[in-house]
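Single-structure report; data block below.
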Amino acid sequence: MNLSEIMDTLPSLKATVDAYGLMAKKSLGQNFLLDRNITDKIIKMSLDAQGKKDFSDDYVFEVGPGPGGLTRSVLSQNPKKLTVIEMDERCIKIMEDIKSKVGDRLEIISGDAMKQNFALMDAKPRHIVSNLPYNISVHLLFGWLKSIEAFNSMTLMFQKEVADRILAKTSTKDYGRISILSQLLCKVDKLFDINPNCFVPAPKIWSTVLVFRPLHSGLTEKQISNIEKITAAAFGQRRKMIRHSLKSIANIDEILSCLNIGNNLRAEELNPLQFLQIADKI
Ligand code: SAM
């Protein structure tokens, strides 16, 4: 039997949740997706966006598999190996049941995803897939963006409000630090929004699935730290002109004039490339 056929022999996700008495814990950001149609759609649309047939050449990492809906959908696409990282021991037991059927193709790490460095595990091509725990989603994204050259794609579900900020264009109210770093480093495509009623328990807000693909070989550590520094200062005082908010960091008047950037602009009026140009001059 191939992996996809093995997944079809598993009890339904609902039966799995019932058998393990898996009541969602708010502290772990648990909102489960128990509909295989939706998890399959996420993975198929992500593969399509990448022009890929399946994951047969790839190493995939999943943060927070929970009861295993997305896990089943990834395994059905035949990865070289799927590594799951989960903090909830109840979900680790569910993963162990799946492992007893698929063997070494599934690696289980019991622990905190914030302490793992996927960029150093296995080999390329690496992909990250996750319905992210909402309380640590932005922290995890920033960490992965900093080593984006190690990954071929990241298929991630966020609260819609966070996804809107990631996708936001210059001169809009949602535009900020997370839009700039994401768009400088990746092509970000929206797959679709998901209604709260699709989750158990239903959250109050909609979710959105995004696919990130690296645009180039990444930025240097210095470029990233400079971008973090200037975007923190510029968006910390969003209404101020950047020639004022960045005064303490650099000889900003000279830099703006040299780059031909208007010295009366506010942070949200500068595009991601202009932030990179300023970062390269400090
Ligand atoms: N993937 C499952 C799904 O779609 O139904 C569960 C998604 S749920 C939104 C987030 C999952 O992340 C939960 O299973 C939770 O236990 C796990 N989690 C929360 N914090 C974590 C952390 N720091 N490291 C690893 N997993 C974590």
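The values are calculated or read from the model by the stated rules, or taken from the named source; none is laboratory data. Worth saying up front: this structure is predicted, and the values here are computed from it rather than measured. Neighbour counts are summed over all protein chains in view; Cβ atoms, including those assigned to glycine, are modelled from backbone coordinates with ideal geometry. Please note that ligands, DNA and RNA were not included when accessible areas were found on the heavy atoms of the full protein model with its side chains. Shrake-Rupley method; radii C 1.70, N 1.55, O 1.52, S 1.80 Å.
Values as computed for the structure displayed
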read-out: Index of the failed condition, GLY262 passing every other in (1) open to solvent by less than 50 Å² (accessible area, probe 1.4 Å); (2) part of a helix (DSSP H, G or I); (3) over 17 Å from LEU181 (Cβ atoms); value: (2)
read-out: Elements of type strands (runs of 3 or more DSSP E) in the range 143-248, at least 2 residues being in contact with a Leu (Cβ under 7 Å, 6 or more places away or on another chain) and free of Cβ contacts under 8 Å to residues at least 40 places away in the same chain; value: 186-194
read-out: Subset of the range 181-213 (residues that are within 16 Å of the ligand (Cβ to nearest atom), touching a Phe, Trp or Tyr at 6+ places or on another chain (Cβ under 9 Å) and either in the same structural domain as LEU273 (by TED's automatic domain parsing) or among the aromatic types (Phe, Trp, Tyr) (or both)); value: PHE199
read-out: Some residue of the range 2-11 being touching a strand residue (DSSP E or B) at 6+ places or on another chain (Cβ under 7 Å), open to solvent by less than 80 Å² (accessible area, probe 1.4 Å) and in contact (Cβ under 8 Å) with a residue 60 or more places away in the chain; value: no
read-out: Out of ILE98, ILE85, ILE92, sole residue that is open to solvent by less than 60 Å² (accessible area, probe 1.4 Å), in the same structural domain as SER153 (by TED's automatic domain parsing), over 17 Å from MET7 (Cβ atoms) and more than 7 Å from the ligand (Cβ to nearest atom); value: ILE92
read-out: Condition check for SER137: open to solvent by less than 30 Å² (accessible area, probe 1.4 Å) and hydroxyl-bearing (Ser, Thr, Tyr); value: yes
read-out: Among the residues listed as SER27, SER56, SER76, the single one being open to solvent by 20 Å² or more (accessible area, probe 1.4 Å), within 10 Å of the ligand (Cβ to nearest atom) and more than 22 Å from ASN195 (Cβ to Cβ); value: SER27
read-out: Only one of SER137, SER130, SER100, SER147 that is over 30 Å from LYS14 (Cα atoms) and of a type in the set (Ser, Thr, Tyr); value: SER147
